[in-house]
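Structure first, commentary second.
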Amino acid sequence: MNQTILNKLKEIVGKENVLTSPEELFVYSYNALHFQQQLPEAVIVPTSSQQISAIMKLANEERFGVVPRGSGTGLSGGSVPTENCVVLAMNNWNRVLEVDEENLTALVEPGVITGQFQSLVEEKGLLYPPDPGSSMICTLGGNVAENAGGLRGLKYGVTKNYVMGMEIVLPNGEIVFLGGKNIKDVAGYNMKETLVGSEGTLCIFTKLLLRLVPKPETQSTLLASFATMNDAAKTVSDTIAAKILPSCMEFLDNTTIKAVDAYAKLGLNTSSGAMLLIEVDGRKSVVDDDAEKVKAICEKNNATSVLFENEPLQALRLRAARKAAYAALARSSPTVLSEDVAVPRSELAKMTEKIQALSKKNDITIGTFGHAGDGNLHPLTLTDENDKAYFVRAEKTVEEIYDAALSLGGTITGEHGVGTAKRHVLEKAIGTPAVQMMNSLKQIFDPNNVLNPGKIFSPKIRCEGPLPRSREMIKEFEEKAWI
(Lines give C-alpha, C1' and ligand atoms only; values in the text may rest on other atoms or scores of the structure.)
Protein backbone atom coordinates (compact mmCIF):
# COMPACT_ATOMS: atom_id res chain seq x y z
CA MET A 1 0.00 0.00 0.00
CA ASN A 2 1.53 3.30 -1.02
CA GLN A 3 2.00 6.30 1.22
CA THR A 4 -0.66 8.31 -0.60
CA ILE A 5 -3.40 5.89 0.48
CA LEU A 6 -2.06 5.79 4.03
CA ASN A 7 -2.15 9.58 4.13
CA LYS A 8 -5.78 9.55 2.97
CA LEU A 9 -6.64 7.08 5.72
CA LYS A 10 -4.93 9.36 8.25
CA GLU A 11 -7.02 12.27 6.97
CA ILE A 12 -10.17 10.23 7.64
CA VAL A 13 -9.44 8.89 11.16
CA GLY A 14 -6.46 10.95 12.34
CA LYS A 15 -2.83 9.87 12.11
CA GLU A 16 -2.88 8.51 15.67
CA ASN A 17 -5.53 6.00 14.57
CA VAL A 18 -3.52 4.51 11.71
CA LEU A 19 -1.11 1.92 13.12
CA THR A 20 1.79 0.82 10.93
CA SER A 21 4.66 -0.26 13.20
CA PRO A 22 5.83 -3.88 12.74
CA GLU A 23 4.83 -4.72 16.30
CA GLU A 24 1.30 -3.37 15.85
CA LEU A 25 0.83 -5.08 12.49
CA PHE A 26 2.00 -8.41 13.91
CA VAL A 27 -0.66 -8.37 16.63
CA TYR A 28 -3.38 -8.15 13.98
CA SER A 29 -1.84 -10.68 11.60
CA TYR A 30 -3.52 -13.79 13.03
CA ASN A 31 -6.43 -14.91 15.18
CA ALA A 32 -7.12 -18.02 17.27
CA LEU A 33 -6.67 -20.07 14.09
CA HIS A 34 -2.93 -19.54 14.33
CA PHE A 35 -1.93 -21.52 11.25
CA GLN A 36 -2.74 -18.70 8.89
CA GLN A 37 -0.91 -15.41 9.25
CA GLN A 38 -0.66 -12.33 7.07
CA LEU A 39 0.54 -8.88 8.04
CA PRO A 40 -2.02 -6.17 7.25
CA GLU A 41 -0.93 -3.06 5.39
CA ALA A 42 -2.17 -0.99 8.34
CA VAL A 43 -4.51 -1.18 11.31
CA ILE A 44 -7.24 1.46 11.30
CA VAL A 45 -9.02 2.48 14.52
CA PRO A 46 -12.20 4.34 13.47
CA THR A 47 -14.30 6.31 15.94
CA SER A 48 -17.55 6.84 14.01
CA SER A 49 -19.77 5.22 11.41
CA GLN A 50 -19.04 8.16 9.12
CA GLN A 51 -15.33 7.37 9.27
CA ILE A 52 -15.99 3.73 8.39
CA SER A 53 -18.17 4.90 5.50
CA ALA A 54 -15.33 7.06 4.19
CA ILE A 55 -12.84 4.19 4.57
CA MET A 56 -15.05 1.87 2.52
CA LYS A 57 -15.49 4.47 -0.21
CA LEU A 58 -11.71 4.89 -0.35
CA ALA A 59 -11.25 1.10 -0.46
CA ASN A 60 -13.47 0.91 -3.54
CA GLU A 61 -11.60 3.76 -5.21
CA GLU A 62 -8.14 2.37 -4.47
CA ARG A 63 -9.01 -1.35 -4.49
CA PHE A 64 -7.67 -2.47 -1.13
CA GLY A 65 -9.36 -4.87 1.27
CA VAL A 66 -10.89 -4.05 4.64
CA VAL A 67 -11.09 -6.73 7.35
CA PRO A 68 -13.33 -5.99 10.37
CA ARG A 69 -11.97 -7.38 13.63
CA GLY A 70 -13.09 -7.64 17.23
CA SER A 71 -11.07 -9.67 19.74
CA GLY A 72 -9.72 -12.10 17.15
CA THR A 73 -11.00 -15.19 18.98
CA GLY A 74 -12.44 -16.82 15.85
CA LEU A 75 -11.36 -20.32 14.88
CA SER A 76 -11.94 -20.24 11.12
CA GLY A 77 -9.60 -17.43 10.05
CA GLY A 78 -12.39 -14.92 9.46
CA SER A 79 -10.55 -11.90 10.84
CA VAL A 80 -7.13 -12.74 9.41
CA PRO A 81 -6.12 -10.27 6.68
CA THR A 82 -5.29 -11.39 3.18
CA GLU A 83 -2.94 -9.63 0.78
CA ASN A 84 -3.37 -5.84 0.35
CA CYS A 85 -5.76 -5.47 3.30
CA VAL A 86 -6.13 -3.12 6.23
CA VAL A 87 -7.64 -4.30 9.51
CA LEU A 88 -10.52 -2.30 10.95
CA ALA A 89 -10.06 -2.62 14.73
CA MET A 90 -13.43 -2.33 16.48
CA ASN A 91 -12.32 -3.17 20.04
CA ASN A 92 -12.82 0.40 21.25
CA TRP A 93 -16.46 0.38 20.19
CA ASN A 94 -17.39 -0.98 23.59
CA ARG A 95 -20.31 1.05 24.91
CA VAL A 96 -23.67 -0.30 26.03
CA LEU A 97 -25.82 2.55 24.74
CA GLU A 98 -29.15 1.51 26.25
CA VAL A 99 -30.80 -1.25 28.24
CA ASP A 100 -34.56 -0.94 27.67
CA GLU A 101 -36.18 -2.98 30.44
CA GLU A 102 -39.67 -2.20 29.20
CA ASN A 103 -39.05 -3.65 25.75
CA LEU A 104 -36.41 -6.18 26.85
CA THR A 105 -33.77 -4.91 24.43
CA ALA A 106 -30.26 -3.50 24.58
CA LEU A 107 -28.49 -1.26 22.09
CA VAL A 108 -24.75 -1.90 22.04
CA GLU A 109 -21.63 -1.21 20.04
CA PRO A 110 -19.97 -4.23 18.43
CA GLY A 111 -16.82 -4.17 20.57
CA VAL A 112 -18.65 -4.89 23.84
CA ILE A 113 -17.25 -8.05 25.49
CA THR A 114 -19.96 -10.70 25.59
CA GLY A 115 -19.36 -11.85 29.17
CA GLN A 116 -19.29 -8.30 30.51
CA PHE A 117 -22.57 -7.56 28.77
CA GLN A 118 -24.12 -10.70 30.23
CA SER A 119 -23.06 -9.67 33.73
CA LEU A 120 -24.47 -6.18 33.23
CA VAL A 121 -27.94 -7.33 32.18
CA GLU A 122 -28.05 -10.10 34.79
CA GLU A 123 -27.68 -7.45 37.49
CA LYS A 124 -30.99 -6.09 36.18
CA GLY A 125 -32.68 -9.50 36.37
CA LEU A 126 -32.31 -10.12 32.63
CA LEU A 127 -30.47 -12.65 30.51
CA TYR A 128 -28.62 -12.54 27.21
CA PRO A 129 -28.53 -16.28 26.43
CA PRO A 130 -25.87 -16.77 23.69
CA ASP A 131 -22.87 -18.04 25.63
CA PRO A 132 -19.85 -19.02 23.49
CA GLY A 133 -16.87 -20.63 25.16
CA SER A 134 -14.78 -17.49 24.67
CA SER A 135 -17.44 -15.21 26.22
CA MET A 136 -14.98 -13.52 28.59
CA ILE A 137 -12.92 -12.16 25.70
CA CYS A 138 -15.00 -12.32 22.51
CA THR A 139 -17.10 -9.38 21.29
CA LEU A 140 -20.78 -9.13 20.46
CA GLY A 141 -19.96 -7.93 16.95
CA GLY A 142 -17.86 -11.02 16.33
CA ASN A 143 -20.64 -13.18 17.75
CA VAL A 144 -23.13 -11.69 15.30
CA ALA A 145 -20.69 -12.00 12.39
CA GLU A 146 -20.24 -15.72 13.14
CA ASN A 147 -23.75 -16.40 14.48
CA ALA A 148 -22.12 -17.76 17.63
CA GLY A 149 -23.84 -20.43 19.67
CA GLY A 150 -22.47 -21.70 22.94
CA LEU A 151 -23.51 -23.72 25.94
CA ARG A 152 -27.15 -22.58 26.16
CA GLY A 153 -28.03 -23.20 22.52
CA LEU A 154 -30.27 -26.22 23.18
CA LYS A 155 -32.94 -24.26 25.05
CA TYR A 156 -32.33 -20.68 24.05
CA GLY A 157 -31.00 -20.86 20.50
CA VAL A 158 -28.06 -18.98 19.02
CA THR A 159 -27.09 -15.37 18.32
CA LYS A 160 -29.44 -14.92 15.34
CA ASN A 161 -32.40 -15.46 17.69
CA TYR A 162 -31.42 -12.35 19.68
CA VAL A 163 -30.64 -9.78 16.99
CA MET A 164 -33.57 -7.40 16.52
CA GLY A 165 -31.83 -4.63 14.66
CA MET A 166 -28.48 -3.30 13.50
CA GLU A 167 -26.74 -0.25 12.16
CA ILE A 168 -24.36 -1.31 9.40
CA VAL A 169 -21.95 0.15 6.90
CA LEU A 170 -22.24 -1.52 3.51
CA PRO A 171 -19.20 -2.25 1.32
CA ASN A 172 -19.99 0.85 -0.78
CA GLY A 173 -19.95 3.05 2.33
CA GLU A 174 -23.70 3.52 2.78
CA ILE A 175 -24.95 3.57 6.38
CA VAL A 176 -28.17 1.63 6.96
CA PHE A 177 -30.28 0.70 10.02
CA LEU A 178 -32.28 -2.51 9.80
CA GLY A 179 -34.94 -3.80 12.19
CA GLY A 180 -36.09 -2.27 15.45
CA LYS A 181 -37.86 -2.97 18.74
CA ASN A 182 -41.04 -4.27 17.13
CA ILE A 183 -41.79 -7.89 17.95
CA LYS A 184 -43.50 -8.22 14.59
CA ASP A 185 -42.08 -6.55 11.49
CA VAL A 186 -42.39 -7.97 7.96
CA ALA A 187 -41.76 -4.78 6.02
CA GLY A 188 -39.67 -6.07 3.12
CA TYR A 189 -36.96 -8.72 3.06
CA ASN A 190 -35.55 -9.81 6.40
CA MET A 191 -32.00 -8.71 5.65
CA LYS A 192 -30.93 -9.08 9.28
CA GLU A 193 -31.09 -12.85 8.94
CA THR A 194 -28.81 -12.72 5.91
CA LEU A 195 -26.24 -10.50 7.58
CA VAL A 196 -26.04 -12.44 10.85
CA GLY A 197 -23.38 -15.08 10.25
CA SER A 198 -22.03 -13.43 7.10
CA GLU A 199 -18.51 -13.43 8.62
CA GLY A 200 -17.74 -9.79 7.87
CA THR A 201 -18.10 -10.25 4.11
CA LEU A 202 -21.32 -8.26 3.52
CA CYS A 203 -21.27 -5.40 6.03
CA ILE A 204 -19.62 -3.87 9.07
CA PHE A 205 -21.73 -3.76 12.24
CA THR A 206 -21.62 -0.44 14.08
CA LYS A 207 -24.62 -0.82 16.42
CA LEU A 208 -26.56 -3.91 17.49
CA LEU A 209 -30.07 -4.05 18.94
CA LEU A 210 -30.26 -7.25 20.99
CA ARG A 211 -33.20 -9.08 22.54
CA LEU A 212 -33.10 -9.94 26.23
CA VAL A 213 -35.18 -12.40 28.26
CA PRO A 214 -36.04 -12.54 31.96
CA LYS A 215 -33.36 -14.21 34.03
CA PRO A 216 -34.53 -17.65 35.25
CA GLU A 217 -35.50 -17.86 38.90
CA THR A 218 -33.03 -20.66 39.61
CA GLN A 219 -31.01 -23.43 38.04
CA SER A 220 -29.69 -26.85 38.95
CA THR A 221 -26.45 -28.36 37.68
CA LEU A 222 -25.72 -32.07 37.29
CA LEU A 223 -22.45 -33.77 36.40
CA ALA A 224 -23.00 -37.31 35.14
CA SER A 225 -20.24 -39.82 34.36
CA PHE A 226 -20.59 -42.74 31.94
CA ALA A 227 -18.45 -45.67 30.89
CA THR A 228 -19.16 -45.04 27.20
CA MET A 229 -20.07 -42.15 24.95
CA ASN A 230 -23.01 -44.21 23.66
CA ASP A 231 -24.60 -44.19 27.12
CA ALA A 232 -24.10 -40.43 27.35
CA ALA A 233 -25.62 -39.88 23.90
CA LYS A 234 -28.61 -42.08 24.75
CA THR A 235 -29.13 -39.97 27.88
CA VAL A 236 -29.33 -36.84 25.71
CA SER A 237 -31.94 -38.40 23.41
CA ASP A 238 -34.00 -39.77 26.30
CA THR A 239 -33.99 -36.43 28.10
CA ILE A 240 -35.38 -34.59 25.09
CA ALA A 241 -37.91 -37.37 24.49
CA ALA A 242 -39.09 -36.91 28.09
CA LYS A 243 -40.08 -33.33 27.14
CA ILE A 244 -37.33 -31.86 29.31
CA LEU A 245 -35.37 -29.03 27.72
CA PRO A 246 -32.19 -28.33 29.70
CA SER A 247 -30.51 -24.98 29.23
CA CYS A 248 -27.21 -26.81 28.80
CA MET A 249 -26.13 -30.35 27.89
CA GLU A 250 -22.38 -30.43 27.37
CA PHE A 251 -20.25 -33.52 26.91
CA LEU A 252 -16.56 -34.37 27.29
CA ASP A 253 -14.85 -37.55 26.15
CA ASN A 254 -12.15 -39.31 28.17
CA THR A 255 -9.25 -37.45 26.53
CA THR A 256 -10.90 -34.11 27.30
CA ILE A 257 -11.84 -35.12 30.86
CA LYS A 258 -8.20 -35.88 31.63
CA ALA A 259 -7.01 -32.62 30.08
CA VAL A 260 -9.63 -30.51 31.88
CA ASP A 261 -8.92 -32.14 35.23
CA ALA A 262 -5.18 -31.59 34.85
CA TYR A 263 -5.93 -27.97 33.95
CA ALA A 264 -8.68 -27.08 36.47
CA LYS A 265 -7.90 -29.55 39.31
CA LEU A 266 -11.58 -30.41 39.88
CA GLY A 267 -11.06 -34.00 40.96
CA LEU A 268 -13.02 -35.41 37.99
CA ASN A 269 -13.23 -39.16 37.46
CA THR A 270 -10.60 -39.48 34.77
CA SER A 271 -11.49 -43.12 34.09
CA SER A 272 -14.91 -42.11 32.75
CA GLY A 273 -15.53 -42.70 29.06
CA ALA A 274 -17.70 -39.58 28.90
CA MET A 275 -19.25 -36.91 31.09
CA LEU A 276 -22.35 -34.78 30.68
CA LEU A 277 -22.67 -31.35 32.27
CA ILE A 278 -26.40 -30.68 32.43
CA GLU A 279 -28.21 -27.56 33.62
CA VAL A 280 -31.94 -27.02 33.98
CA ASP A 281 -33.33 -23.59 34.75
CA GLY A 282 -36.65 -21.86 35.35
CA ARG A 283 -39.10 -21.77 38.27
CA LYS A 284 -37.77 -23.61 41.31
CA SER A 285 -40.55 -26.19 41.51
CA VAL A 286 -40.09 -27.10 37.83
CA VAL A 287 -36.30 -27.10 38.08
CA ASP A 288 -36.29 -29.44 41.08
CA ASP A 289 -38.67 -31.84 39.34
CA ASP A 290 -36.77 -31.78 36.04
CA ALA A 291 -33.43 -32.27 37.77
CA GLU A 292 -34.69 -35.42 39.49
CA LYS A 293 -36.08 -36.74 36.21
CA VAL A 294 -32.76 -36.09 34.45
CA LYS A 295 -30.91 -37.88 37.25
CA ALA A 296 -33.20 -40.91 36.80
CA ILE A 297 -32.61 -40.90 33.03
CA CYS A 298 -28.84 -40.79 33.57
CA GLU A 299 -29.04 -43.74 35.96
CA LYS A 300 -31.26 -45.68 33.55
CA ASN A 301 -28.52 -45.25 30.94
CA ASN A 302 -25.81 -46.72 33.16
CA ALA A 303 -24.34 -43.54 34.62
CA THR A 304 -21.54 -44.49 36.99
CA SER A 305 -22.22 -41.36 39.05
CA VAL A 306 -24.56 -38.36 39.04
CA LEU A 307 -23.58 -35.38 41.17
CA PHE A 308 -25.77 -32.37 41.95
CA GLU A 309 -23.93 -29.06 42.16
CA ASN A 310 -26.52 -26.59 43.38
CA GLU A 311 -23.93 -24.47 45.17
CA PRO A 312 -23.58 -21.57 42.71
CA LEU A 313 -19.80 -21.19 43.00
CA GLN A 314 -19.09 -24.87 42.34
CA ALA A 315 -21.58 -24.91 39.45
CA LEU A 316 -19.78 -21.89 38.03
CA ARG A 317 -16.45 -23.70 38.36
CA LEU A 318 -17.81 -26.66 36.39
CA ARG A 319 -19.11 -24.35 33.69
CA ALA A 320 -15.77 -22.54 33.53
CA ALA A 321 -13.96 -25.87 33.30
CA ARG A 322 -16.11 -26.93 30.34
CA LYS A 323 -15.40 -23.58 28.65
CA ALA A 324 -11.70 -24.21 29.24
CA ALA A 325 -11.76 -27.53 27.35
CA TYR A 326 -10.09 -26.02 24.30
CA ALA A 327 -7.32 -24.42 26.35
CA ALA A 328 -6.88 -27.59 28.42
CA LEU A 329 -6.42 -29.74 25.33
CA ALA A 330 -4.22 -27.14 23.62
CA ARG A 331 -1.73 -27.15 26.49
CA SER A 332 -1.42 -30.94 26.26
CA SER A 333 -0.06 -30.95 22.70
CA PRO A 334 2.32 -28.78 20.63
CA THR A 335 -0.33 -28.26 17.93
CA VAL A 336 -4.11 -28.56 17.97
CA LEU A 337 -6.43 -28.66 14.95
CA SER A 338 -9.78 -27.44 16.25
CA GLU A 339 -12.91 -28.52 14.39
CA ASP A 340 -16.59 -27.74 14.67
CA VAL A 341 -18.92 -30.23 13.03
CA ALA A 342 -22.58 -30.76 13.82
CA VAL A 343 -24.98 -33.63 13.18
CA PRO A 344 -28.65 -34.23 13.91
CA ARG A 345 -29.00 -34.95 17.60
CA SER A 346 -30.10 -38.51 16.85
CA GLU A 347 -26.75 -39.16 15.12
CA LEU A 348 -24.55 -37.95 17.97
CA ALA A 349 -23.52 -41.42 19.14
CA LYS A 350 -22.70 -42.54 15.59
CA MET A 351 -20.60 -39.44 15.01
CA THR A 352 -18.58 -39.94 18.17
CA GLU A 353 -18.04 -43.58 17.17
CA LYS A 354 -16.76 -42.45 13.77
CA ILE A 355 -14.38 -39.97 15.40
CA GLN A 356 -13.05 -42.67 17.72
CA ALA A 357 -12.60 -45.03 14.76
CA LEU A 358 -10.67 -42.38 12.82
CA SER A 359 -8.48 -41.74 15.83
CA LYS A 360 -7.60 -45.43 16.01
CA LYS A 361 -7.21 -45.91 12.24
CA ASN A 362 -4.89 -42.94 11.77
CA ASP A 363 -3.11 -43.33 15.13
CA ILE A 364 -4.07 -39.78 16.11
CA THR A 365 -5.21 -38.55 19.52
CA ILE A 366 -8.52 -36.67 19.34
CA GLY A 367 -10.20 -34.94 22.27
CA THR A 368 -13.90 -34.39 21.63
CA PHE A 369 -16.26 -32.15 23.55
CA GLY A 370 -19.23 -30.03 22.63
CA HIS A 371 -22.89 -29.27 22.85
CA ALA A 372 -24.53 -32.67 23.11
CA GLY A 373 -28.01 -31.18 23.23
CA ASP A 374 -27.78 -29.69 19.74
CA GLY A 375 -25.41 -32.21 18.12
CA ASN A 376 -22.49 -29.78 17.83
CA LEU A 377 -19.13 -31.50 18.36
CA HIS A 378 -15.66 -30.00 18.71
CA PRO A 379 -13.13 -32.73 17.92
CA LEU A 380 -9.62 -31.40 18.59
CA THR A 381 -6.88 -33.30 16.81
CA LEU A 382 -3.71 -33.25 18.90
CA THR A 383 -0.60 -33.21 16.77
CA ASP A 384 2.74 -31.50 16.21
CA GLU A 385 3.32 -29.38 13.12
CA ASN A 386 7.07 -29.98 13.42
CA ASP A 387 6.54 -33.71 12.91
CA LYS A 388 5.58 -33.64 9.24
CA ALA A 389 4.38 -37.24 8.90
CA TYR A 390 2.27 -36.93 12.06
CA PHE A 391 0.89 -33.59 10.93
CA VAL A 392 -0.12 -34.91 7.50
CA ARG A 393 -2.03 -37.74 9.22
CA ALA A 394 -3.74 -35.18 11.43
CA GLU A 395 -4.83 -33.09 8.44
CA LYS A 396 -6.12 -36.20 6.70
CA THR A 397 -8.09 -37.05 9.83
CA VAL A 398 -9.72 -33.62 9.84
CA GLU A 399 -10.89 -34.08 6.25
CA GLU A 400 -12.30 -37.50 7.17
CA ILE A 401 -14.17 -35.95 10.10
CA TYR A 402 -15.88 -33.58 7.66
CA ASP A 403 -16.85 -36.53 5.47
CA ALA A 404 -18.17 -38.45 8.47
CA ALA A 405 -20.38 -35.55 9.54
CA LEU A 406 -21.75 -35.07 6.04
CA SER A 407 -22.49 -38.80 5.71
CA LEU A 408 -24.80 -38.49 8.75
CA GLY A 409 -26.68 -35.51 7.36
CA GLY A 410 -24.53 -33.07 9.32
CA THR A 411 -22.55 -29.95 8.52
CA ILE A 412 -18.90 -28.90 8.39
CA THR A 413 -19.46 -26.08 10.90
CA GLY A 414 -22.02 -25.54 13.63
CA GLU A 415 -20.84 -22.19 14.98
CA HIS A 416 -17.23 -21.32 14.07
CA GLY A 417 -17.94 -20.37 10.46
CA VAL A 418 -16.25 -21.15 7.15
CA GLY A 419 -13.68 -18.34 6.97
CA THR A 420 -10.61 -19.61 5.16
CA ALA A 421 -10.26 -22.86 7.09
CA LYS A 422 -13.23 -24.64 5.49
CA ARG A 423 -13.86 -22.86 2.21
CA HIS A 424 -12.31 -25.77 0.31
CA VAL A 425 -15.04 -28.11 1.55
CA LEU A 426 -18.02 -25.75 1.38
CA GLU A 427 -19.09 -26.90 -2.08
CA LYS A 428 -19.02 -30.52 -0.97
CA ALA A 429 -21.12 -29.63 2.06
CA ILE A 430 -23.90 -27.55 0.47
CA GLY A 431 -23.60 -28.12 -3.28
CA THR A 432 -22.48 -26.02 -6.23
CA PRO A 433 -25.80 -24.17 -6.80
CA ALA A 434 -25.90 -22.98 -3.19
CA VAL A 435 -22.28 -21.75 -3.34
CA GLN A 436 -23.02 -19.94 -6.61
CA MET A 437 -26.08 -18.30 -5.07
CA MET A 438 -24.05 -17.08 -2.08
CA ASN A 439 -21.26 -15.91 -4.35
CA SER A 440 -23.78 -13.94 -6.42
CA LEU A 441 -25.09 -12.27 -3.27
CA LYS A 442 -21.55 -11.32 -2.27
CA GLN A 443 -20.96 -9.73 -5.67
CA ILE A 444 -24.20 -7.74 -5.43
CA PHE A 445 -23.22 -6.37 -2.02
CA ASP A 446 -19.52 -6.01 -2.77
CA PRO A 447 -18.77 -5.97 -6.52
CA ASN A 448 -15.17 -4.86 -5.98
CA ASN A 449 -14.54 -7.54 -3.33
CA VAL A 450 -13.11 -5.06 -0.82
CA LEU A 451 -14.83 -6.27 2.35
CA ASN A 452 -13.07 -9.21 4.03
CA PRO A 453 -11.94 -10.71 0.71
CA GLY A 454 -11.06 -14.38 0.44
CA LYS A 455 -13.38 -15.53 3.23
CA ILE A 456 -16.02 -18.26 2.73
CA PHE A 457 -15.14 -18.26 -0.99
CA SER A 458 -13.32 -15.95 -3.37
CA PRO A 459 -15.03 -14.58 -6.49
CA LYS A 460 -11.62 -14.07 -8.11
CA ILE A 461 -9.64 -17.14 -7.04
CA ARG A 462 -11.19 -20.58 -6.90
CA CYS A 463 -9.93 -22.55 -3.95
CA GLU A 464 -8.96 -25.98 -5.25
CA GLY A 465 -7.77 -27.56 -2.04
CA PRO A 466 -7.68 -27.24 1.74
CA LEU A 467 -6.14 -24.14 3.24
CA PRO A 468 -2.60 -25.15 4.23
CA ARG A 469 -2.15 -25.26 7.97
CA SER A 470 1.59 -25.47 8.49
CA ARG A 471 3.55 -22.24 8.41
CA GLU A 472 5.94 -23.61 5.78
CA MET A 473 3.04 -24.47 3.47
CA ILE A 474 1.42 -21.11 4.08
CA LYS A 475 4.60 -19.32 3.05
CA GLU A 476 4.83 -21.44 -0.11
CA PHE A 477 1.20 -20.81 -1.06
CA GLU A 478 1.40 -17.10 -0.30
CA GLU A 479 4.39 -16.83 -2.66
CA LYS A 480 2.17 -18.37 -5.34
CA ALA A 481 -0.59 -15.84 -4.52
CA TRP A 482 -2.91 -18.71 -3.63
CA ILE A 483 -4.50 -16.87 -0.71
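The values are calculated or read from the model by the stated rules, or taken from the named source; none is laboratory data. Keep in mind that this is a model prediction, so the values were computed, not measured. Here the Cβ positions follow ideal geometry from the backbone for every residue, glycine too, while neighbour counts run over all protein chains shown.
Scan the stretch 379-393 residue by residue and report those that are surrounded by fewer than 24 Cβ atoms within 10 Å (Cβ to Cβ) and within 30 Å of CYS248 (Cβ to Cβ). Within the stretch 379-393, just LEU382 meets the criteria.
Taken over the stretch 206-253, residues that are hydroxyl-bearing (Ser, Thr, Tyr) and outside any strand (DSSP E or B) amount to 5.
Here is a yes/no grid of residues against (1) more than 19 Å from GLU415 (Cα to Cα); (2) out of contact with any Leu (no Cβ under 8 Å at 6 or more places or on another chain):
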{"position": "VAL294", "(1), (2)": "yes, no"}
{"position": "PHE308", "(1), (2)": "yes, no"}
{"position": "LEU316", "(1), (2)": "yes, yes"}
{"position": "SER338", "(1), (2)": "no, no"}
{"position": "VAL341", "(1), (2)": "no, no"}
{"position": "ARG345", "(1), (2)": "no, yes"}
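All conditions but one from (1) surrounded by 21 or more Cβ atoms within 10 Å (Cβ to Cβ); (2) among the hydrophobic types (A, V, I, L, M, F, W, C); (3) farther than 21 Å from ALA232 by Cα apply to ALA429; the one that does not is (1). Considering (1) more than 23 Å from ALA291 (Cβ to Cβ); (2) surrounded by 17 or more Cβ atoms within 10 Å (Cβ to Cβ), the lone condition that ALA233 does not fulfil carries the number (1).
The single condition among (1) of a type in the set (A, V, I, L, M, F, W, C); (2) crowded, with 20+ Cβ neighbours inside 10 Å; (3) farther than 28 Å from ALA59 by Cα; (4) modelled with pLDDT under 95 that ILE412 does not satisfy is (4).
I'm trying to understand the selection: among the residues of the stretch 65-79, which are farther than 18 Å from PRO46 by Cα and out of contact with any strand residue (DSSP E or B) (no Cβ under 7 Å at 6 or more places or on another chain)?
THR73, GLY74, SER76, GLY77, GLY78 - these are the residues of the stretch 65-79 that are farther than 18 Å from PRO46 by Cα and out of contact with any strand residue (DSSP E or B) (no Cβ under 7 Å at 6 or more places or on another chain).
One residue stands out among those in the stretch 168-209 that are more than 21 Å from the chain's Cα centre (by Cα) and aromatic (Phe, Trp, Tyr): the one that is surrounded by the fewest Cβ atoms within 10 Å (Cβ to Cβ), which is TYR189.
Conditions tested, residue by residue: (1) on the phi < 0 side of the Ramachandran plot; (2) at pLDDT 95 or above; (3) in a loop (DSSP other than H, G, I, E, B); (4) not hydroxyl-bearing (Ser, Thr, Tyr).
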{"position": "ASN31", "(1), (2), (3), (4)": "yes, no, yes, yes"}
{"position": "PHE35", "(1), (2), (3), (4)": "yes, no, yes, yes"}
{"position": "VAL43", "(1), (2), (3), (4)": "yes, yes, no, yes"}
{"position": "PRO46", "(1), (2), (3), (4)": "yes, yes, yes, yes"}
{"position": "VAL80", "(1), (2), (3), (4)": "yes, no, yes, yes"}
{"position": "GLU83", "(1), (2), (3), (4)": "yes, no, yes, yes"}
{"position": "ASN103", "(1), (2), (3), (4)": "yes, yes, yes, yes"}
{"position": "GLY111", "(1), (2), (3), (4)": "yes, yes, yes, yes"}
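Where in the stretch 308-389 are there helices (runs of 4 or more DSSP H), lying fully within it, with 3 or more residues that are at pLDDT 90 or above?
On the way: elements: 312-323, 325-330, 348-361.
Because the criterion is at least 3 residues that are at pLDDT 90 or above, the helices (runs of 4 or more DSSP H) in the stretch 308-389 that meet it are 348-361.
The set of residues from the stretch 32-61 being of a type in the set (D, E, K, R) and more than 22 Å from GLU16 (Cα to Cα) comprises just one member, GLU61.
Within the stretch 262-279, which residues are over 22 Å from ASN230 (Cα atoms) and crowded, with 17+ Cβ neighbours inside 10 Å?
TYR263, ALA264 - these are the residues of the stretch 262-279 that are over 22 Å from ASN230 (Cα atoms) and crowded, with 17+ Cβ neighbours inside 10 Å.
Has the stretch 62-74 got at least one residue that is surrounded by 24 or more Cβ atoms within 10 Å (Cβ to Cβ), under 20 Å from the mean Cα position of the chain (by Cα), closer than 29 Å to ARG423 by Cα and of a type in the set (A, V, I, L, M, F, W, C)? For the stretch 62-74, residues surrounded by 24 or more Cβ atoms within 10 Å (Cβ to Cβ), under 20 Å from the mean Cα position of the chain (by Cα), closer than 29 Å to ARG423 by Cα and of a type in the set (A, V, I, L, M, F, W, C): present. Scanning the stretch 8-30 for residues that are surrounded by 12 or more Cβ atoms within 10 Å (Cβ to Cβ) and among the polar types (S, T, N, Q) yields ASN17, THR20, SER29. Annotation note: of GLU123, GLU102, GLU146, GLU61, the sole residue that is charged (D, E, K, R) and assigned by TED's automatic domain parsing to the domain that holds GLU11 is GLU61. Could you tell me whether any residue of the stretch 398-407 is of a type in the set (A, V, I, L, M), surrounded by 14 or more Cβ atoms within 10 Å (Cβ to Cβ), modelled with pLDDT under 95 and out of contact with any helix residue (DSSP H, G or I) (no Cβ under 9 Å at 6 or more places or on another chain)? No; the residues of the stretch 398-407 include none that is of a type in the set (A, V, I, L, M), surrounded by 14 or more Cβ atoms within 10 Å (Cβ to Cβ), modelled with pLDDT under 95 and out of contact with any helix residue (DSSP H, G or I) (no Cβ under 9 Å at 6 or more places or on another chain).
If you check GLY141 against the conditions, is it part of a helix (DSSP H, G or I) and in contact with a strand residue (DSSP E or B) (Cβ under 8 Å, 6 or more places away or on another chain)? The answer is yes for GLY141.
State whether one or more residues within the stretch 460-472 are in contact with a Gly (Cβ under 7 Å, 6 or more places away or on another chain), modelled with pLDDT under 95 and surrounded by fewer than 20 Cβ atoms within 10 Å (Cβ to Cβ). Scanning the stretch 460-472, I find no residue that is in contact with a Gly (Cβ under 7 Å, 6 or more places away or on another chain), modelled with pLDDT under 95 and surrounded by fewer than 20 Cβ atoms within 10 Å (Cβ to Cβ), so the answer is no. Under the condition of being in a helix (DSSP H, G or I) and not hydrophobic (A, V, I, L, M, F, W, C), the residues counted in the stretch 412-442 number 10. Quickly run through the stretch 85-101 and pick out the residues that are surrounded by 20 or more Cβ atoms within 10 Å (Cβ to Cβ) and not in a loop (DSSP other than H, G, I, E, B). Scanning the stretch 85-101 gives CYS85, VAL86, VAL87, LEU88, ALA89.
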